[in-house]
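**Student:** Quick one: the structure is below, and I'll ask about it shortly.
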Amino acid sequence: MDAIKNITNRVSARELAKPYPSQEEMAIIYKGALRAPDHAWLRPSSFIEVKDDGLDKLSDIFYEYALSQSEISSEVIEKYKNAPYRAPMIIILVSAYKEHPKVPSIEQKLSTATAAQNIILALNAMKYSSIWRTGKLAFNKSIQKALGLNDNQEILGYLYIGTEVGKTKKIPELDIDNFVSYL
């Protein structure tokens, strides 16, 4: 796929189903992710791939988190429990802060965010689709602990991955003059 067309035509999917990328395709996708800008070569990004039985494990983690919250409705508890089943594969985006005199935490998080964008674009080029989710399940110390992450690691989001099914979102027309100014 043409690189510019890949960028300008990418859109999050409404609904995802199997198939998801093969192990060989994911190796290429991860290599692309690791080409993200990374000041001082700190390598703050890592990824937890969740599929098959892993979806059940993640569902249990989300469910336990929901149960630990006070004043939460049974509908929200079910929503959290069912969240992993919205796609056949999920990549959990993890950013690990590494002390450095010239590279602040936010810059390391931005590196992981650009790695996520590289994943999304690689998926799109391979004819897969994705949705990037955050919300209360990201930036969440309880879930980070349940996943065995260290104190310096933070979940920046979840990439839900699969093959788009159903109605495709319309790509909005945007006037760049509403977003760009010149000095």
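**Student:** Test of understanding: what is the full-extension gain from LYS167 to ILE72, defined as 0.36 nm times their sequence separation minus their Cα-Cα distance?
**Tutor:** 31.0 nm is the gain from fully extending LYS167 to ILE72.
**Student:** Something else: Compute the relative contact order of segment 13-101 as a whole-number percentage, counting only Cα pairs closer than 8 Å that sit 6 or more residues apart in sequence.
**Tutor:** Relative CO of segment 13-101 lands at 45 percent.
**Student:** With a Förster radius of 35 Å, plug the Cβ-Cβ distance of THR114 and ASP60 into 1/(1 + (r/R0)^6) and report the FRET value to the nearest 0.05.
**Tutor:** E(calc), rounded to 0.05, equals 0.65.
**Student:** In what order do ILE4, ILE92 fall by count of nearby beta-carbon atoms within 10 Å, going from fewest to most?
**Tutor:** ILE4, ILE92
**Student:** If a helix is a whole DSSP H run, which ones in the chain reach 24 Å or further along their own axis (Cα) and hold a mean Kyte-Doolittle hydropathy of at least 0.0?
**Tutor:** Membrane-span-like by this criterion, though nothing is claimed about a membrane: 105-125.
**Student:** Still on this structure, please answer the following. Near LYS57, which aspartates and glutamates are there with a Cα under 14 Å away, not counting those fewer than 8 places off in the same chain?
**Tutor:** Once the sequence-local aspartates and glutamates are set aside, what remains near LYS57 is GLU49.
**Student:** Expressed as a rounded percentage, what relative contact order does segment 110-183 have, with Cα pairs under 8 Å and six or more residues apart?
**Tutor:** Dividing the mean separation by the residue count of segment 110-183 yields 31 percent.
**Student:** Still on this model: Sorting PHE62, PHE139 on the 10 Å Cβ count, fewest up front, what's the list?
**Tutor:** Sorted ascending by nearby Cβ count, the order is PHE139, PHE62.
**Student:** Ranked by Cβ crowding within 10 angstrom, fewest neighbours first, how are GLU164, GLU173 ordered?
**Tutor:** Ordered from fewest to most neighbouring Cβ atoms within 10 Å, GLU164, GLU173 come out as GLU173, GLU164.
**Student:** Given segment 121-183, what count of lysine pairs have C-alpha atoms under 21 Å apart, with each pair 8 or more places apart or on different chains?
**Tutor:** 4
**Student:** Here's another thing I want to ask about it. If I stretch the segment between ALA17 and LEU42 completely, what's the gain in nm (0.36 nm per residue apart, minus their alpha carbon distance), one decimal?
**Tutor:** Taking 0.36 nm per residue and subtracting the Cα distance, the gain is 5.5 nm.
**Student:** Continuing with this model, one more query. With runs of 4+ DSSP H residues as the only contributors, calculate the mean residue ellipticity of the chain at 222 nm using -39,500 (n - 2.57) per run, divided by the residue total and rounded to the nearest 500.
**Tutor:** -12000 deg cm²/dmol
**Student:** Let me check against my output: what whole-number percent is the relative contact order of the chain, with C-alpha pairs under 8 Å and at least 6 apart?
**Tutor:** Reported relative contact order: 35 percent.
**Student:** Compute the distance from the alpha-carbon center of segment 1-55 to that of segment 126-183, in whole Å.
**Tutor:** 11
**Student:** Using 1/(1 + (r/R0)^6) with R0 = 30 angstrom and r between the beta carbons of ASP53 and GLU107, what's the FRET efficiency to the nearest 0.05?
**Tutor:** 0.25
Throughout, read-outs are computed from the coordinates displayed, never taken from laboratory work. Keep in mind the model is a prediction, meaning the values are calculated, not measured. Here Cβ is always computed from backbone atoms with ideal geometry, including for glycine, and neighbour counts include all displayed protein chains.
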